[in-house]
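Step one of this worksheet: look at the structure below.
The values are calculated or read from the model by the stated rules, or taken from the named source; none is laboratory data. Worth saying up front: this structure is predicted, and the values here are computed from it rather than measured. All Cβ positions, glycine included, derive from the backbone under ideal geometry; neighbour counts span all protein chains shown.
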């Protein structure tokens with residue numbers, strides 16, 4: 001009997017628990033039933049395409065670009081209404097390791113990395129010319145590159161004019177007391193021909209006419225040009241040799257327009273050459289070219305360096321770091337890592353939410369000069385605001401998934417690009433990928449060879465296919481890309497090639513975003529560790545990461561950030577990511 005009572009109690013308790021659970025699952029009954037009958041569009045749910053987040057509408061449907069079904073992104077009445085602001089949960093912020101930095105006023109020293117080469121100091125080139133006509137009987141300068149010391153004999157000349165002048169001196173010397181003016185005139189004639197006082201005194205004392213005179217070097221240096229040979233007849237003013245003093249040399253560097261605001265005369269710089277790894281040399285900026293090179297959009301920066309032991313050879317390539325400063329000024333500054341470049345615009349994310357309800361606003365800013373690892377801000381920010389300096393792409397990806405404006409999905413429409421131009425751009429991308437693969441293999445010779453077809457492909461691109469506004473955009477991208485290719489071809493150090501490859505990649509990414517492609521998809525990939533954790537981008541034809549900035553050292557270090565699809569330059573969230 002007791003067993004039957006126990007069974008009934010257990011059965012009753014189970015039924016009671018099931019009823020309570022069912023009530024909770026239904027959410028309390030009638031409230032959910034009323035919600036089921038809300039008409040479409042009254043809930044303010046926004047629908048977007050996961051492949052084209054710029055598509056936004058208030059009802060279900062299909063994407064007009066790819067035909068995929070639109071997906072809801074939430075009730076906008078409960079969130080931030082601005083398409084420039086993205087909300088995230090505190091958990092998502094923590095998982096993305098989002099970090100912010102306060103916008104502050106600042107100035108002071110920074111480092112700017114430039115490349116260039118060593119050149120002769122033109123102020124130390126000396127031309128030695130004949131002071132009188134004659135025939136070269138002996139020559140003591142046998143080759144260019146020969147080192148010459150001051151006072152060293154360069155050549156011996158036989159000069160009929162000099163023989164006659166000596167005879168005049170000896171004759172007038174006999175009548176120096178009665179005709180002193182003629183005597184002084186004869187001596188002055190020899191002095192004008194650079195005959196020394198010692199030679200004149202020796203001539204008078206010997207009373208013998210010399211038929212040959214030595215040509216002496218009045219400076220020390222290295223012969224860079226030899227213009228005479230034994231038996232040549234020279235006239236007064238004929239260049240015999242050119243000598244350069246290599247104790248001080250010029251370091252000539254190329255600086256882009258964006259770097260000029262951070263460089264001043266007198267700035268100190270340190271530089272290295274491939275011939276002496278690990279050895280640093282010092283120099284000081286002495287000249288900034290007043291004219292911008294219209295082809296490369298660069299300005300020549302010249303510094304002088306003391307050439308101890310003559311280690312520095314003219315023609316050597318150098319990598320330099322300039323200690324820059326903005327003396328007497330204080331400007332708003334943000335870290336370089338806080339900035340996203342989108343063609344001609346620069347954007348960043350500003351923290352506008354609270355700790356419990358994080359939110360970040362995408363904002364366009366105007367950049368000033370670079371100051372080391374930071375940039376000056378000319379407009380767009382206020383002192384005390386906080387900008388995202390780490391985890392930037394996680395926030396941008398969240399904005400794209402929500403359908404907000406993001407780095408790649410901007411509110412303004414782009415000008416249509418003719419397919420003919422896109423085909424030309426796609427061909428150049430194929431040539432670019434060969435350079436990238438050569439750098440993956442860490443092969444500087446193959447990299448130089450791959451530049452040749454890339455330059456040819458770039459030169460074939462016809463800007464006349466574009467509208468006027470788009471032509472200006474293309475020219476602004478084409479010139480630095482051409483300059484980068486030229487630099488990659490001329491340098492032999494693979495690390496220097498990779499620095500110029502980064503500039504090439506950034507400009508090509510802008511071109512792909514702006515003009516689009518017609519052939520295959522491209523993957524925008526990013527390595528956060530490149531160039532001492534400054535980070536760098538490149539384009540790849542495959543999703544798998546093959547890092548051109550490290551090669552075999554860290555081949556798969558990086559992640560896919562965006563995918564560019566053919567026939568439309570709009571980007572989508574990366575289909576896969578890596579962080580190894």
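List the helices (runs of 4 or more DSSP H) that sit entirely inside segment 402-520 and contain at least 3 residues that are surrounded by fewer than 17 Cβ atoms within 10 Å (Cβ to Cβ). Write out each step before concluding.
Working: elements: 419-440, 444-459, 468-490, 494-515.
Hits in segment 402-520: 419-440, 444-459, 468-490.
Got a sec? Which of 369, 357 is modelled with pLDDT under 85, in a loop (DSSP other than H, G, I, E, B) and not assigned by TED's automatic domain parsing to the domain that holds residue 558?
Details: 369 fails: in a loop (DSSP other than H, G, I, E, B).
Only one candidate passes the filter, namely 357.
So which of 209, 252 is free of Cβ contacts under 8 Å to residues at least 60 places away in the same chain and either assigned to a strand (DSSP E or B) or touching a helix residue (DSSP H, G or I) at 6+ places or on another chain (Cβ under 8 Å) (or both)? Step through it out loud before you land on a result.
Values: 252 fails: free of Cβ contacts under 8 Å to residues at least 60 places away in the same chain.
Matching residue, one of 209, 252: 209.
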message: Considering only segment 198-205, I want to know if a residue exists there that is in the same structural domain as residue 136 (by TED's automatic domain parsing) and either assigned to a loop (DSSP other than H, G, I, E, B) or in contact with a strand residue (DSSP E or B) (Cβ under 9 Å, 6 or more places away or on another chain) (or both).
response: yes
message: So, in segment 256-270, exactly how many residues are under 9 Å from residue 284 (Cβ atoms) and touching a residue at least 40 places away in the same chain (Cβ under 8 Å)?
response: 3
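Please work out if residue 147 is touching a strand residue (DSSP E or B) at 6+ places or on another chain (Cβ under 7 Å), loosely packed, with under 15 Cβ neighbours inside 10 Å and in contact (Cβ under 8 Å) with a residue 40 or more places away in the chain. Break it down into steps so the answer makes sense when it comes.
Numbers: touching a strand residue (DSSP E or B) at 6+ places or on another chain (Cβ under 7 Å): yes; loosely packed, with under 15 Cβ neighbours inside 10 Å: yes; in contact (Cβ under 8 Å) with a residue 40 or more places away in the chain: yes.
Yes.
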- request: Among residues belonging to segment 529-552 that are free of Cβ contacts under 8 Å to residues at least 24 places away in the same chain and over 20 Å from residue 513 (Cα atoms), point out the one that is surrounded by the most Cβ atoms within 10 Å (Cβ to Cβ).
  value: 550
task: Mind listing just one residue for me: the one in segment 66-104 that is part of a strand (DSSP E or B) and loosely packed, with under 12 Cβ neighbours inside 10 Å and, of those, modelled with the highest pLDDT?
output: 69
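Take segment 215-224 and flag every residue that is surrounded by 14 or more Cβ atoms within 10 Å (Cβ to Cβ) and either at pLDDT below 80 or farther than 17 Å from residue 166 by Cβ (or both). Before the answer, list the steps.
Taking segment 215-224 first, the residues surrounded by 14 or more Cβ atoms within 10 Å (Cβ to Cβ) are 215-217, 219-224.
Within segment 215-224, 216, 217, 219, 220, 221, 222, 223, 224 meet the criteria.
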- line: Residues of segment 215-239 being part of a strand (DSSP E or B) and in contact with a helix residue (DSSP H, G or I) (Cβ under 9 Å, 6 or more places away or on another chain), in sequence order, are 221, 222
statement: residue 534 meets each of (1) in contact with a helix residue (DSSP H, G or I) (Cβ under 6 Å, 6 or more places away or on another chain); (2) modelled with pLDDT under 85 with one exception, condition (1)
- line: Subset of segment 252-291, residues modelled with pLDDT of 90 or more, buried (at least 17 other Cβ atoms within 10 Å of the Cβ) and more than 18 Å from the chain's Cα centre (by Cα), comes to 273, 281, 283, 285
